[in-house]
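Please read the structure below before turning to the comments.
The values are calculated or read from the model by the stated rules, or taken from the named source; none is laboratory data. Bear in mind that the values here come from a model prediction, so they are computed numbers and not experimental data. Cβ placement follows ideal geometry from the backbone for every residue including glycine, while neighbour counts extend to all protein chains displayed. Remember, those area values only see protein heavy atoms, side chains included, never the ligands or the DNA or RNA. Shrake-Rupley method; radii C 1.70, N 1.55, O 1.52, S 1.80 Å.
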Amino acid sequence: QGCVRYKTCYYSFYLSCALALAYCGYPPESDLYAKADAVCMRLGEYFQIQDDVLDAFAPPEILGKIGTDIEDAKCSWLVCKALELVTDEQKKVLEENYGKHDAEGVQKVKDLYRELKLEELFHEYEEEQKAACDELIAKIEPENFQELFKFLLGKIYKRQK
């Protein structure tokens with residue numbers, strides 16, 4: 001989570017929002033910064049997990065690239081979640097195939113992800129994050145700042161690439 005927080009949450013979401021607040025004259029002690037931080041941390045984590053899922057499951061012609069997280073042994077949400085759910089036999093499949101530049105091994109990992117229903121788990125997570133973000137956004141005052149966060153959420157919610 002620490003990597004996601006600094007790699008995605010702050011860089012991709014919070015800093016631009018904080019800059020907008022500063023530009024509009026809100027002092028650093030304004031509670032708007034804390035509210036922006038809360039929304040942006042959720043958005044950033046959601047975005048990164050979504051990216052991990054798209055890397056494994058989105059067709060390359062839609063994604064615009066061939067995902068390589070499995071071959072590159074990335075510490076993705078999918079492999080972390082898989083490790084929480086696998087049996088000893090399934091764990092062996094992961095250990096033997098994760099991080100190998102071998103199409104057959106990559107397919108075995110993807111098949112295991114499907115067997116564990118990780119895509120479905122992600123869709124449940126996605127709906128939970130959307131509801132949580134909507135709730136946080138609704139608490140932001142003045143209301144005109146809600147539009148910024150609604151825009152950001154709209155850009156990533158159910159994205160395909």
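Mind listing whichever residues of region 65-94 are farther than 21 Å from GLU45 by Cα, surrounded by 13 or more Cβ atoms within 10 Å (Cβ to Cβ) and not β-branched (Val, Ile, Thr)? If you could, list the steps in order and put the result at the bottom.
Step one: list which residues in region 65-94 are farther than 21 Å from GLU45 by Cα, which gives 65-66, 71, 86-94.
Filter once more, so that each one left must be surrounded by 13 or more Cβ atoms within 10 Å (Cβ to Cβ): 71, 86, 90-91, 93-94.
Listed by number, the residues that qualify are GLU71, GLN90, LYS91, LEU94.
Give the number of residues within region 97-128 that are open to solvent by less than 70 Å² (accessible area, probe 1.4 Å) and either in contact with a Cys (Cβ under 8 Å, 6 or more places away or on another chain) or part of a helix (DSSP H, G or I) (or both).
Residues that pass the stated criteria total 13.
Name the single residue that is nearest to the chain's Cα centre (by Cα) among those in region 23-58 being open to solvent by 50 Å² or more (accessible area, probe 1.4 Å) and under 30 Å from ASP111 (Cα atoms). Steps first, answer last, please.
Residues of region 23-58 open to solvent by 50 Å² or more (accessible area, probe 1.4 Å): 23-29, 31, 34-35, 42, 47, 51.
With under 30 Å from ASP111 (Cα atoms) added as a condition, the list becomes 42, 47, 51.
On the way: ARG42: 9, PHE47: 3, ASP51: 6 Å.
Applying the filter and picking the extreme gives PHE47.
From the list ALA58, ALA82, ALA22, which residue is without any contact (Cβ under 8 Å) to a residue 40 or more places away in the chain, of a type in the set (A, V, I, L, M, F, W, C) and either touching a Pro at 6+ places or on another chain (Cβ under 6 Å) or closer than 25 Å to ARG114 by Cα (or both)?
ALA82
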